[in-house]
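Working notes for the structure below.
Each reported figure results from applying straightforward, stated rules to the coordinates on display, with no laboratory input. The model shown is predicted, which means the values in this text are computed figures rather than measured ones. With ideal geometry, Cβ positions are generated from the backbone for all residues, glycine too; neighbour counts draw on all protein chains shown.
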Amino acid sequence: MHIRYSEHSVPATPEAVEQAEAQLGFVLPDQYRRYLLTQANGGWIDDALLPGFPHIAVNHILGVGRQDSDDLVRSCGHLAPLLGLGFLPVADAEGGNPVCISRRTGDMGTVWFNDHELDYDEEGALTQIAASWDAFIDATQPDSTPPSTPAEPAKVWVSPEMEAILRSQFAD
């Protein structure tokens with residue numbers, strides 16, 4: 001597993017998983033359910049990249065029974081259209097793009113990226129990124145992009161007249 005949590009995340013309790021399933025009205029996909037119960041109950045992670053998908057950097061995974069924005073049930077309330085299309089949002093990529101597990105009969109358990117800039121049912125809004133949750137977790141790579149160095153402040157010349165105008169407009 002190449003997922004590194006920014007803060008330690010203990011596995012979910014069986015009771016928390018069952019309560020979330022009761023609230024959602026369905027059983028969670030097997031591999032995701034097992035991940036929550038044995039690995040971690042979601043939270044912020046160090047950016048995880050997927051080979052072949054350089055624009056997708058997953059930055060948090062949803063858990064159950066959480067009291068924060070990483071709670072699965074709470075997120076599903078905001079992303080109800082995805083549920084209606086047969087997708088369970090289980091993680092987020094940079095920019096707030098959901099990562100989902102399919103609940104559809106034809107491709108049950110596959111993992112998909114949702115480009116939230118497009119309508120949910122628009123062509124290209126959903127892209128399959130892994131054959132299963134386990135394959136998704138196994139494929140993730142830590143982001144090894146070196147941090148950018150801050151740019152030097154720009155230096156410009158301003159005429160004394162323009163400086164007086166700017167100072168008068170932005171004076172405290």
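Return the calculated 222 nm mean residue ellipticity for the chain, to the nearest 500 deg cm²/dmol, obtained by summing -39500 (n - 2.57) across DSSP H runs with n ≥ 4 and dividing by the residue count. Intermediate results must be reported in sequence, preceding the final value.
Values: 6 runs with 49 residues, N = 172.
Result for the chain: -7500 deg cm²/dmol, rounded to the nearest 500.
Determine the sum of side-chain charges near Leu85: Lys and Arg each +1, Asp and Glu each -1, restricted to other residues whose C-beta is under 14 angstrom from that of Leu85. Walk me through the numbers on the way to the answer.
Details: positive: Arg103, Arg104; negative: Asp107, Asp115, Asp119, Asp121, Glu122, Glu123.
Around Leu85, the surrounding residues sum to -4.
If you fit an axis through the alpha-carbon atoms of helix 160-169 and take the longest principal axis of the Cα set of the chain, what angle between them do you get, 0 to 90°, nearest 10?
Orientation of helix 160-169: about 50 degrees from the principal axis.
When the Cα atoms of region 14-169 are enclosed in a convex hull and the volume is divided per residue, what value in Å³ results?
Values: hull volume 28.7 nm³, N = 156.
Cα-based convex hull of region 14-169, divided per residue, equals 184 Å³.
Hey, if you put +1 on the Cβ of every Lys and Arg and -1 on every Asp and Glu Cβ in region 14-169, which of His78, Ala130, Ala154 ends up farthest toward the positive end of that dipole?
His78
For region 1-102, what are Rg and Dmax over the alpha carbons, in angstrom?
When restricted to Cα atoms, region 1-102 yields Rg and Dmax of 12.9, 37 Å.
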